[in-house]
Structures are given as structure tokens and as C-alpha cells.
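Accompanying notes for the structure given below.
The values are calculated or read from the model by the stated rules, or taken from the named source; none is laboratory data. All values derive from a computational prediction rather than experimental measurement. Reconstructed Cβ throughout: ideal geometry from the backbone, glycine too, with neighbour counts over all protein chains shown.
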Amino acid sequence: MSKFWKPGTERPRSSLIDDEEGGVLFVSASASSSGFGYSTLERQRQRLPVFKYRTAILYLVENHATTIIVGETGSGKTTQIPQFLKEAGWAEGGRNIACTQPRRLAVQSVSARVAEEMGVKLGEEVGYTIRFEDVTNSGVTMIKFLTDGVLLREMMDDPLLTKYRKRNQGDAANDSAPSTVPAILSVEGKGFTVEIYYLEEPCSSYLQAAVDTVLSIHDKEPVGDILVFLTGQDDIDAAVQLINENALDHRSHSSGLLVLPLYSGLSRSDQDLIFAPTPKGKRKVVISTNIAETSLTLDGVVYVVDSGFSKQRFYNPITDIENLVVAPISKASARQRAGRAGRVRPGKCFRLYTEEYFMKEMSAEAIPEMQRSNLVGSVIQLKSLGIDNILGFDWPASPPPESMVRALEVLYSLGVLDEDAKLTSPTGFQVAEIPLDPMISKMILSANTYECTEEIITIAAVLSMQSIWVSARGVQKEFDEAKLRFAAAEGDHVTYLNVYKGFIQSGKSSQWCYKNYINYHAMKKVVDIREQLSKLLKRFGMSLKSCERDTQKLRKAIVAGFFANSCHLEAYSQNGMYKTIRHSQEVFIHPSSVLFRVNPKWVIYHSLVSTDKHYMRNVMAIDPDWLTEAAPHFYQRKRPNLSAPF
DNA sequence: GAGCACTGC
């Protein structure tokens with residue numbers, strides 16, 4: 001007796017999303033469906049504009065606000081919103097609109113430049129704030145905002161906002177919130193209904209359940225593509241294989257299914273298979289991470305299979321380590337996933353968990369990103385806005401105090417804040433102006449002293465990228481060999497320089513990238529970011545200088561930013577175990593690093609990722625003397641015996 | 001011997 005529901009036969013109970021959501025399934029799924037741009041992938045593939053967010057903002061402007069601050073996800077949109085509002089005639093007449101990124105929005109203010117452009121005084125009270133608590137899942141918040149008048153009202157009744165509204169009571173327009181679903185919804189049209197199916201009882205393996213479900217849908221349901229949400233690459237590849245094998249076992253399935261994996265690590269051409277029209281007589285099955293939850297839209301999906309899990313990042317401020325763990329998704333996410341089935345016609349969503357679980361145990365929303373991430377970037381933003389009392393600050397979603405303390409410590413040790421926790425000049429102010437991780441920014445500024453800015457901005461650009469390599473499963477050997485052509489004894493950072501040089505020498509050739517297992521699109525972006533960083537440095541009055549072959553100079557500059565991430569190889573370690581200097585955490589060099597199995601005695605890393613072990617990513621060999629040279633305050637205090645023999 | 005997903009200038 002199967003544990004799983006049988007589509008069309010014994011569905012335990014079904015409910016419509018409509019019932020839960022008060023009428024509309026969803027309108028806008030992702031931050032990128034803002035009406036101003038497209039998600040990176042969709043922009044390149046489909047070139048389809050979306051007009052959703054824009055309408056919503058206009059609605060607010062026309063009906064409520066005196067001053068609006070819109071949290072946005074990208075600089076493109078951030079600059080386009082004021083522009084479009086200006087065109088619509090709303091920038092004048094006592095209405096101020098400013099746009100900023102969500103993290104900056106957290107401080108209820110805007111950057112000086114934006115403020116100046118929009119005529120908003122920093123620190124001025126505002127009428128309304130449209131905010132997204134979670135950058136990564138901003139789609140979740142936007143659904144509320146766009147689709148549901150009730151939730152919109154709730155948002156406006158938020159005490160934080162009410163406070164500001166009271167101050168603006170003189171304005172006639174903003175008194176009452178709309179009592180019906182705003183008209184913008186009819187402009188957008190609505191999604192189709194999606195029937196929800198649950199398991200009768202919990203399953204022991206969601207992977208197996210997903211496979212069974214897909215086969216069962218294929219057996220019993222009418223045409224329409226299937227989208228399956230799993231957690232990561234391993235599970236996805238396994239599921240693809242299992243479904244193909246099972247389909248072979250059953251003659252009836254053998255010709256009908258086209259099973260495709262989808263995750264960000266796939267090469268562009270593999271990802272593009274997803275968008276090719278389904279061949280006649282075939283049913284497409286896409287097994288995906290939550291990249292398909294908000295970032296990518298697949299037309300033709302009628303059935304969604306939701307495992308109820310995703311990989312999520314959690315930051316532990318005590319150990320300063322980010323963990324990547326498989327965790328249950330929120331109800332909001334579950335609805336978002338289900339909504340993927342109702343884009344072209346009414347669809348069905350099969351949830352691989354019980355209804356009771358959904359109702360009673362699933363949390364309504366994901367934990368706001370602000371509460372589970374490293375706050376270094378946000379804190380420096382606050383500081384640069386002149387907000388000094390970080391701990392007493394009225395955050396939209398209060399982060400753990402430990403995170404704030406940790407962030408202050410890091411900034412202090414970087415020399416960005418002084419003993420009174422004020423921005424230092426010029427370093428602090430300059431770091432605040434570079435829109436990268438403060439450690440990278442500090443590294444860039446130090447490169448001026450070490451005369452290697454040419455090289456460092458290349459490294460900074462590559463480090464801000466996910467990865468410049470293409471995923472090469474199945475051709476591992478070739479991939480490793482290709483990588484060896486660039487590998488530098490100093491480590492990953494210098495290796496990136498070699499890749500960049502090769503790319504430039506090839507005339508930025510995509511063919512060259514393909515041959516060397518390098519992500520062409522990532523490299524194009526590196527060139528782009530690099531260009532912008534060089535402009536920024538010029539504004540600081542720094543000229544680009546190259547250290548030529550003297551890698552010691554640039555390694556010292558890197559250490560000036562990343563000295564806090566230093567590790568020492570355990571003396572008798574057989575398996576390449578390192579310990580961090582700060583917390584004696586056991587860490588290992590990530591297998592993707594060129595220093596994997598090389599294991600130099602002393603290294604610094606760019607970031608830690610924790611799955612089954614703590615892995616250092618982007619690793620560079622150092623001389624420990626550089627640590628004391630770069631940060632005597634930091635190392636003398638923490639480790640007085642650093643000069644002991646290593 | 002391993003990689004959830006976004007973004008900024």
C-alpha cells in the first residue's frame with residue numbers, strides 16, 4: 001500500500017490556495033518582476049517586460065504617501081524608480097520619493113546621493129515605507145504587498161509606519177487604507193487557481209516520494225509539465241536518474257518523459273534546455289532548487305511537486321560561521337512554489353508533507369535575512385548615515401545583539417571605526433562608499449599603499465562573483481587539468497589573476513572560456529565590476545598601479561583586509577585540518593580551491609561555508625608575519641605568542 | 001573531493 005496520494009483517486013483533502021489568500025493566487029513572484037528590469041536569467045533569455053511593481057508604487061504614491069522610500073534589490077531599479085515617478089509627474093508638489101536597497105532601507109534612510117537627487121533630507125521622517133524584510137525571499141513580501149488589500153492594510157498599520165504617519169497627519173490623502181483589494185490587481189490580471197494535495201502520512205524519504213509522485217502524475221494526469229522542488233545538486237541529480245530508470249522499467253513511461261535538472265551551478269547551455277519547447281508527445285519534468293521559486297519562471301508548468309525543504313543559510317554570530325543546511329520551508333514559500341503551477345492554466349500542487357504539518361508546524365514566514373546574516377555591511381551603512389547607536393536602533397527586524405557586536409568588532413579591527421565607534425577618516429568613509437563587503441573594500445584601499453590596485457580590483461571583482469568556473473560534473477579530470485593551467489602556488493586569488501589575464505589576452509573570447517571550463521558570463525561581469533571599481537578609486541584620488549610580478553605586495557594587501565580569517569595547519573593533521581586563529585575552529589580547505597591537498601602552513605580565506613565540515617573558500621598562503629604587520633592591535637591581543645615557532 | 005538563491009558599483 002503506497003503511502004502517497006494517488007492523483008485523481010484518493011486525495012485526502014484538497015484546498016485551494018484561493019481560500020487561504022483571500023481571492024488572488026499571486027501576481028508578482030520575484031523581486032525581479034518589478035516592472036523595471038528582469039531577473040538576470042530571464043532578461044537574457046526572454047526579454048519580456050513585467051509591469052507590476054511599478055503599478056503598485058504608483059498606486060501608493062497617488063493614494064497615500066507624502067514621502068515614500070522604496071526598498072529595491074538592484075541599482076538599476078533603484079535609479080529607475082525615481083526616474084519613472086518623475087516622468088509620471090510625482091517627484092514635485094511636496095511628494096518625495098527616494099529609493100534605496102533593502103539593507104539600506106533597514107535604516108529607514110537613503111544614501112546621500114539618492115537623498116540629494118530626490119530632495120530628501122537624511123534623517124527626515126517619512127510617510128510610508130515599503131519594505132522587504134528578506135532580501136533573498138523578497139518575493140514573499142511582495143506577494144503580500146501586491147495581491148492582497150488586507151495585507152497591504154496590515155502593513156500600513158505596522159506600528160513603525162503608524163508612527164510616521166501620525167507625524168504627517170496634515171496631509172489629506174493618506175488617512176485611510178483602502179477597504180477593498182486595490183485596483184492594481186485587475187491591471188495585472190490574476191493567477192490561476194491551484195489545487196493543493198497533501199500526503200496522507202509523513203514520508204520517510206522525500207526523494208523517493210518525489211520520484212513516485214512524478215511517475216504517478218505522468219500516469220494519471222493530463223498533459224502539462226512538472227516542476228519538482230528539491231534542495232540541492234546531489235538530490236536533483238539523483239532524482240533525475242531515478243526517474244529515468246523507473247520510467248524505463250515501466251514500458252508505458254519510457255518515451256513520454258523529458259527529465260531535466262536545474263540549479264545555478266549548471267552551465268548556461270544546460271540551463272537553456274529548460275526553456276526549449278517541450279517536444280510533441282513529451283512531458284517535461286524539471287527538477288529544481290528554489291532557483292525556480294522566484295528567480296526563474298518556467299512557462300507550461302501545470303504540476304508542482306514540493307518537497308517542503310530548501311537549503312538555507314544561517315549565521316552564527318558567536319562562531320562567525322555561516323551554515324548551509326537543509327531546512328523546512330515556510331508557508332509563504334510553499335505558497336510561492338504552488339503558485340508556479342498556476343501561471344498558464346489551473347494547476348495542481350503535490351506537497352510531500354501532510355496537511356496537518358502545513359497547518360500546525362510550518363512557520364508562516366521565513367526568518368528575516370537580517371536575523372540570520374552577518375551584519376557588517378548594514379552596520380557600516382548605518383554609521384555612514386550618522387546613526388551611532390546601533391544597539392538601540394529601531395531595526396525593522398531586530399537582529400541578534402551578538403551579530404551587531406560582532407559586526408562592530410570586525411569594523412573596529414579593520415580600522416573602519418575608531419574607539420568611539422565613529423567612522424575613521426578617510427578609511428572608514430571610503431570603505432562605506434564601496435558597495436562591497438567591508439573586508440574586500442579594505443583590501444582594495446590597502447592596495448593603494450602596496451601599489452597593486454590593478455591586480456586587487458580584479459581579485460575583488462572575482463571574489464564578488466559566485467564562481468568563475470563552470471560546473472564540470474562528469475568531466476572532472478578535464479576540468480581539474482584546465483584549472484591547473486592557471487593554478488598559482490600562492491592560492492586562489494593569484495589564480496584568478498591568471499584567469500583574468502588569459503581572458504583579456506584571448507580578446508575576451510567565449511570560445512576560450514569554453515575550452516578552459518570558465519564561465520564566460522561571469523568573466524564579462526568581472527570586467528564590468530572591475531571598470532566600476534577603477535572609477536571609484538579615481539574618485540578617491542587613487543591611480544591604478546600594477547605590482548607586475550611581485551605577488552608579495554598584493555598578498556599583503558589581501559591580508560590587510562582578511563587578516564581576521566587566518567588559519568594554521570594543525571601540526572600533526574593527517575587530513576588537512578586547520579584551526580582558525582580567532583576561535584580555534586576546525587576548518588578545511590574546500591576541494592574547489594587550488595590549494596586543496598597542498599595545505600600550506602598558514603592561510604587566510606575569503607569565506608567559510610559549512611555543510612558537513614567547515615570549508616574555507618578562496619584560500620591564499622601567507623607568511624604569518626604579515627598578520628602582525630597588518631593588524632598588530634588584532635593579533636597582539638588575541639594571540640600574544642604569535643611569534644612562537646610555527 | 002564538493003557547490004540553496006539573489007543583489008550592489
**Complete:** Within the stretch A:594-610, restricting to residues that are in a loop (DSSP other than H, G, I, E, B) and out of contact with any His (no Cβ under 9 Å at 6 or more places or on another chain), the one that is farthest from DNA strand B (Cβ to nearest atom) is A:P600
**Residue, surrounded by the most Cβ atoms within 10 Å (Cβ to Cβ), within the stretch A:258-268, restricted to residues that are more than 8 Å from DNA strand B (Cβ to nearest atom) and outside any loop (DSSP other than H, G, I, E, B)** = A:P261
**Message:** Kindly evaluate A:Y303 against the criterion of being in a strand (DSSP E or B) and away from DNA strand B (no atom under 16 Å from the Cβ).
**Reply:** yes
**Complete:** Filtering the stretch A:336-346 for residues that are at pLDDT below 85, of a type outside the set (S, T, N, Q) and not in a loop (DSSP other than H, G, I, E, B) leaves a count of 1
**Request:** Please tell me if A:S403 is of a type in the set (S, T, N, Q), closer than 24 Å to A:T319 by Cβ and either within 11 Å of DNA strand B (Cβ to nearest atom) or in a loop (DSSP other than H, G, I, E, B) (or both).
**Result:** no
**Asked** Which of the residues belonging to the stretch A:339-393 are of a type in the set (F, W, Y) and under 30 Å from A:G428 (Cβ atoms)?
**Response** A:F393
**Message:** Just to be sure I understand, how many residues within the stretch A:269-297 are more than 30 Å from A:E356 (Cβ to Cβ) and away from DNA strand B (no atom under 13 Å from the Cβ)?
**Reply:** 13
**Asked** How about the stretch A:313-335: which of its residues are among the hydrophobic types (A, V, I, L, M, F, W, C) and outside any strand (DSSP E or B)?
**Response** A:I318, A:I329, A:A332, A:A334
**Request:** Please state which one of A:L554, A:L537, A:L544 is more than 24 Å from the chain's Cα centre (by Cα) and in a loop (DSSP other than H, G, I, E, B).
**Result:** A:L544
**Prompt:** Can you tell me which of A:K556, A:K613, A:K638 is more than 25 Å from A:R313 (Cα to Cα), basic (K, R) and either within 16 Å of DNA strand B (Cβ to nearest atom) or modelled with pLDDT of 95 or more (or both)?
**Reply:** A:K556
**Asked** Are any residues in the stretch A:323-354 away from DNA strand B (no atom under 16 Å from the Cβ) and either among the hydroxyl-bearing types (S, T, Y) or not assigned by TED's automatic domain parsing to the domain that holds A:D306 (or both), and if so, which ones?
**Response** A:Y353, A:T354
**Prompt:** What's the number of the condition A:A460 fails, among (1) in contact (Cβ under 8 Å) with a residue 24 or more places away in the chain; (2) within 10 Å of DNA strand B (Cβ to nearest atom); (3) surrounded by fewer than 21 Cβ atoms within 10 Å (Cβ to Cβ); (4) of a type outside the set (F, W, Y)?
**Reply:** (3)
**Message:** Filter the stretch A:258-272 down to the residues that are modelled with pLDDT under 90 and more than 14 Å from A:S471 (Cβ to Cβ) and list them by number.
**Reply:** A:D272
**Asked** Name the residues in the stretch A:208-218 that are more than 15 Å from A:V259 (Cα to Cα) and not polar (S, T, N, Q), would you?
**Response** A:A209
**Item:** Search result, residues across the stretch A:566-593 that are near DNA strand B (Cβ under 10 Å from one of its atoms) and part of a loop (DSSP other than H, G, I, E, B)
**Value:** A:N575, A:G576, A:H590, A:P591, A:S592, A:S593
